[in-house]
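Below is one structure, written out as structure tokens; the observations come after it.
Each reported figure results from applying straightforward, stated rules to the coordinates on display, with no laboratory input. From a predicted model like this one, the values you see are computed outputs, not experimental measurements. Reconstructed Cβ throughout: ideal geometry from the backbone, glycine too, with neighbour counts over all protein chains shown.
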Amino acid sequence: MQLRQKLKVVQFLLKDAFREFRKNDPLRLGASTAFFTTFALPPILVLLINFLGLLYSSEIISNRLIDQVQSLLGYRGGSGQLSKVLDNIQHIPPNGYYATLGMLFLIFVATTLFIVVKSSLNQLWNIRPRKSSTLRHIFKTRLIALGLIIFTGVLFVVTLMAESAFSYLGGTLFEALPGRGLEVIRVGNALVSYAIVTAWFAITFKYLPDIRIPWRPVWVGAFFTSMLFTFGKLVLGRLLLHSNLGPIYGPSAFVLILMLFVFYSAMLMFYGASFTKSYAHYAAFKIRPKAFVLRYRPRGQKVPITPKYAAKQNQGTIF
């Protein structure tokens, strides 16, 4: 396929993904994700601290997780507030009964955020439950959400290992590449970060919605979404950095910035999911809903994109 044809296909997919994205009320999807994140973030961090505390010191993990959150937001304020919230949540009574109840409550709150995201992804894929969810289905959904939290912890460990490796190789790189060693480390860290974000989106798109989808469109969509997220994080970080929200909103500035960041990041993720759907239909991958859900077609929806439709447009395939 010639370059011009490939560009036409990309343009076609971007437009179709935007149509899918726009008709699913993205403002509501992004707002609900941001709202639940304010409640779910501390329990998620506590679960990650307990999980990663098996490998590292809990204090080190706590500080690094807070640093990562601040780095994502591009805002260095509010670390004291977040640390205090984490300390309060972690002070669960040592009694086994209350400790168990406390941990179950943390898991429930933390996984609720992923349930909200799952519902939004199902809406983007035009699927819904056939009937009231059974207890087994609810338990399985919560288990998948907990698995995603654990997977996030594994990716965080990979990040720590990569940073340690680059720090260890830093002296050698500075000697071998005088004047460029720092650039090599920065590029290496950026590539590792991009790969980790791509892997997280791939696992989310593959296992969170109630569909069976091949890996190829998942990786294409995850790569595209990671690119959007990386670029959007830079732009949003610059905007928040110069927004001067700290003096205006005081102690509540951290919560406001967190909600703004999650809102726009969720919008990018849902657009990436719409792109995944458009590409999967375009390339005629077999997408099947799971046994307990069914497809529905919203009013005014066009015929799904297939290679036959693409052939009529002289577009062919691209990836």
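Each peptide in 55-63, 219-227 was scored by the mean count of other Cβ atoms within 10 Å over its residues; highest first, the order is 219-227, 55-63.
In sequence order, the stretch 224-235 has phi-based couplings of 5, 5, 5, 5, 4, 5, 5, 5, x, 5, 5, 5 Hz under the Karplus curve 6.51 cos²θ - 1.76 cosθ + 1.60, θ = phi - 60°, and Gly or Pro positions carry x. With only Cα atoms counted, the stretch 102-235 has Rg and Dmax values of 19.0, 65 Å.
Listed values for the stretch 285-296 are Karplus-derived 3J(HN,Hα) couplings in whole Hz (6.51 cos²θ - 1.76 cosθ + 1.60, θ = phi - 60°), namely 6, 7, 10, 10, x, 6, 4, 9, 10, 9, 7, 9, and x replaces Gly and Pro. Put simply, the amide H of residue 293, placed in the peptide plane, has neighbours under 5 Å in 130, leaving out anything fewer than 5 places away on its chain.
Each peptide in 199-205, 30-36 was scored by the mean count of other Cβ atoms within 10 Å over its residues; highest first, the order is 199-205, 30-36. Projected label points at residue 286 and residue 101, each 7 Å from Cα along the beta carbon direction, are separated by 5.0 nanometres. Along the stretch 260-267 the Karplus relation, 6.51 cos²θ - 1.76 cosθ + 1.60 evaluated at θ = phi - 60°, assigns HN-Hα couplings of 4, 5, 5, 4, 5, 5, 5, 4 Hz to successive residues, with x for each Gly and Pro.
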